Amino acid sequence: MARAPADVMEPDAVAGVERILIIKLGALGDFVQALGPMAAIRRHHATHPGGAHVVLLTSKPYVDLAGASGLVDEVWIDEERPKPWQVGRVRRLRQKLKSGNFTRVYDLQTSDRSNFYFHILGPGKRPEWSGIARGCSHPHANPRRDDMHTIERQREQLTAVGIDDVPMPDLGFATKDVSQFGIEKPFALLVPGGAPHRPAKRWPVERYAALANRLFAQGVTPVLLGARAEQAILGLIERDAPGTVNLCGKTDFLDIAVLARGAALAVGNDTGPMHLISLAGCASVVLYSHTSDPKLCAQRGPRVEILRRDSLENLSQDDVWSVVGDALTGG
């Protein structure tokens, strides 16, 4: 790919094609909730006379999900992740970004890290930039933006560049053969894990085991989802609730979305997979403690119930079952 001179952003060499960069690095819940804005950006630039080539800069775990979405033409992995003093890495990243000849950048990450990426594109002419970096062309200047839910915040950010119709994230693109898991309906997804450095976000393991036994007694197979790092937790539940199916470390993001479409319901902590599950349309019960605020980051979807206690130790099995029972009966 031809590179522009260091301080000049040249138009694309292919028949006036707009080159658009979207920055969304993670985490999973944030990435999934950005799919609606990505769709809006794609649709907005599709009207350009020469067409548009949309590139996504993201983290390695989300490459396959991004590719399957069909919302971008190319995926770049944010490999350098430079600190300001790492001159070689900063230079390589700058050259990479410059080589894209981007006419506009949508920073959906809006973090110190992505702001830094804006600044290393100077001095000189930069592409148009939607975000919060000081000096960018299309700033999201609402001083209360940090008090908004992620979805509403990104919608308002795009309004500032003339993109008014931002849909909810749509996981209809997710297709996968999940028959190898051998799960028969009805089944329920349980997501008992979460960030290891935030244990207060986890409902006690023994209550998940009790819930799994109660589901099994109702003829519903409990299916455990989690990363390999959560193997010990899921193993304890499997031991104490022998009717469960343990898929620890066996599913990717597309698997989870497809399983969610077939599930009777899902129960889980405030963690990334629950965003996938709820947006796939599954009836979802999400458990919150004081450590995260659903007003800012709640899972979205057609059937989401949030249960919040200051401490999840104070959320009883009966509290959860009262909502689960309603979901099972369609109440």
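Nothing in this text is a laboratory measurement; each read-out follows from the coordinates by a stated rule. A quick note: this is a predicted structure, and the numbers were derived from the prediction, not measured. Every residue, glycine as well, gets a Cβ built from its backbone with ideal geometry; the counts of neighbours run over all protein chains shown.
Annotation: amide H-H contacts under 5 Å for Val223 (H modelled 1.01 Å from N, sequence separation of 5 or more, or interchain): Ala188, Leu189, Leu190, Val245. Taking a straight Cα-Cα cut-off under 19 Å and skipping sequence neighbours fewer than 8 places away in the same chain, the lysines within cross-link reach of Lys295 are Lys201. Quick one: check the C-alpha center-to-center distance for the stretch 22-87 versus the stretch 220-256, whole angstrom. Cα centroid of the stretch 22-87 versus Cα centroid of the stretch 220-256: 30 Å apart. Taking 0.36 nm per residue of separation and subtracting the Cα-Cα distance, full extension of the segment from Leu236 to Glu128 would add 33.7 nm. Please compute the contact order of the stretch 18-159 in relative form: average sequence separation of alpha-carbon pairs under 8 Å and at least six residues apart, divided by the residue count, as a percent. About 24 percent, as a whole number.
Legend: ranking of residues Cys297, Cys282, Cys248 from fewest to most surrounding C-beta atoms inside 10 Å; resulting order Cys297, Cys248, Cys282.
Computed from Cα atoms, the angle from the helix 150-159 axis to the main principal axis of the chain rounds to 20 degrees.
Estimated from helical segments only, the mean residue ellipticity of the chain at 222 nm is -10000 deg cm²/dmol, where each DSSP H run of four or more residues counts as -39500 (n - 2.57).
Taking a straight line from the alpha carbon of Lys98, these lysines sit under 17 Å away, with near neighbours fewer than eight places off in the same chain left out: Lys125. Calculate how large, on average over all directions, the projected area of the Cα convex hull of the stretch 18-159 is; give the answer in nm² to one decimal. For the stretch 18-159, averaging the hull's shadow over all directions gives 8.4 nm². Counting 0.36 nm for each residue step from Asp326 to Ser111 and taking away their Cα separation leaves a gain of 73.4 nm. Dipole orientation for the chain: of the candidates Ile256, Asn314, Cys297, Cys297 has the Cα lying most toward the positive pole (charges on Cβ; Lys, Arg +1; Asp, Glu -1). Around the Cα centre of the chain, unit charges on the Cβ atoms of Lys, Arg, Asp and Glu (plus for the first two, minus for the last two) sum to a dipole of about 960 debye. Give the Debye-formula value of log10 I(q)/I(0) at each listed q (0.15 Å⁻¹), with one equal scatterer per alpha carbon of the stretch 219-331, two decimals each. For the requested q values the scattering log ratios are -0.67. Taking max minus min of the alpha-carbon positions on each principal axis, the chain gives extents of 67, 38, 37 Å, largest first. Of all lysines in the structure, the ones whose alpha carbon falls short of 21 Å from that of Lys176, not counting any fewer than 8 places away in one chain, are Lys60, Lys185, Lys250. Straightening the chain between Glu74 and Arg89 buys 3.2 nm, computed as 0.36 nm per residue apart minus the Cα-Cα spacing.
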